[in-house]
Amino acid sequence: MDSYLWVKALHIIAIITWMAGIFYLPRLFVYHAETESGSDQSETFKIMERRLLKAIMNPSMIVAWILGLALAFHFGIWEPDAIWLHIKFLLVIGMTIYHMYLAKCVKVFAADNNEKTHKFYRVLNEVPTLLMLGIVILAVVKPF
Ligand code: HEM
């Protein structure tokens, strides 16, 4: 049980760093979309976006998945009555697809090819809030 709790604690730490990046990166896009391509400010945003993605978001997502799957197999992921875990899994896959879309946006900004407005990125920033609410309630309350 002790090792299970250690794994769960590390799972939650990895999630916190992953979510910090998931919420911060679109904020950078909001301001980056309002700067002129090639300007010093735009070049600084490129460095910040790349480092946030590569040094924080990617590693913490991978650790969250590895530890989450370890917990899930211990918990009995295929148990028919673990419906909370199955729905959580789907929402986390949604969060992972969202992460990959942000990674694609980093590449688009790096190539000075962004055509989307700051408003688009403000709305985009709301998506993970809804996913995170569902995931945490399912993980803690386990309503079904
Ligand atoms: C990446 C794939 C993930 C898998 C396979 C997974 C699976 C699990 C499992 C099996 C548990 C143990 C539940 C228990 O012991 O009661 C757990 C705990 C937890 N997970 Fe995840 N999880 C994943 C991602 C996430 C994400 C992205 C979040 C939040 C945004 C999250 C939030 C939590 C929380 C808050 C707990 C602690 C629940 C408690 O102790 O009551 N998980 N996870």
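The values are calculated or read from the model by the stated rules, or taken from the named source; none is laboratory data. Remember, it's a predicted structure, so these values are computed and weren't measured experimentally. Heads up, the Cβs are rebuilt from the backbone with ideal geometry, glycines too, and the neighbour counts pull from every protein chain shown. Heads up: the accessible areas ignore ligands, DNA and RNA and are worked out on the full protein's heavy atoms, side chains in. Shrake-Rupley method; radii C 1.70, N 1.55, O 1.52, S 1.80 Å.
For the reader, a short list of remarks on this structure follows.
- Looking only at segment 93-117, and only at residues there that are open to solvent by 50 Å² or more (accessible area, probe 1.4 Å), under 20 Å from the mean Cα position of the chain (by Cα) and more than 18 Å from Leu52 (Cβ to Cβ), the one that is nearest to the ligand (Cβ to nearest atom): Ile93
- As a summary of the residue check, Leu69 satisfies the conditions (1) more than 19 Å from the chain's Cα centre (by Cα); (2) near the ligand (Cβ under 9 Å from one of its atoms) except for the one numbered (1).
- Number of the exception - Val123 against (1) out of contact with any Leu (no Cβ under 9 Å at 6 or more places or on another chain); (2) open to solvent by 60 Å² or more (accessible area, probe 1.4 Å); (3) not in a helix (DSSP H, G or I): (3)
- Filtered residue count, segment 74-90, keeping only those that are in a helix (DSSP H, G or I) and more than 8 Å from the ligand (Cβ to nearest atom): 5
- Flag if His86 is open to solvent by 30 Å² or more (accessible area, probe 1.4 Å), within 16 Å of Val136 (Cα to Cα) and modelled with pLDDT under 95: yes
- Of all residues making up segment 1-22, the number that are over 24 Å from Thr129 (Cβ atoms) and open to solvent by 90 Å² or more (accessible area, probe 1.4 Å): 3
- In segment 23-58, residue most open to solvent (accessible area, probe 1.4 Å) [restricted to those that are part of a loop (DSSP other than H, G, I, E, B) and without any contact (Cβ under 8 Å) to a residue 40 or more places away in the chain]: Glu36
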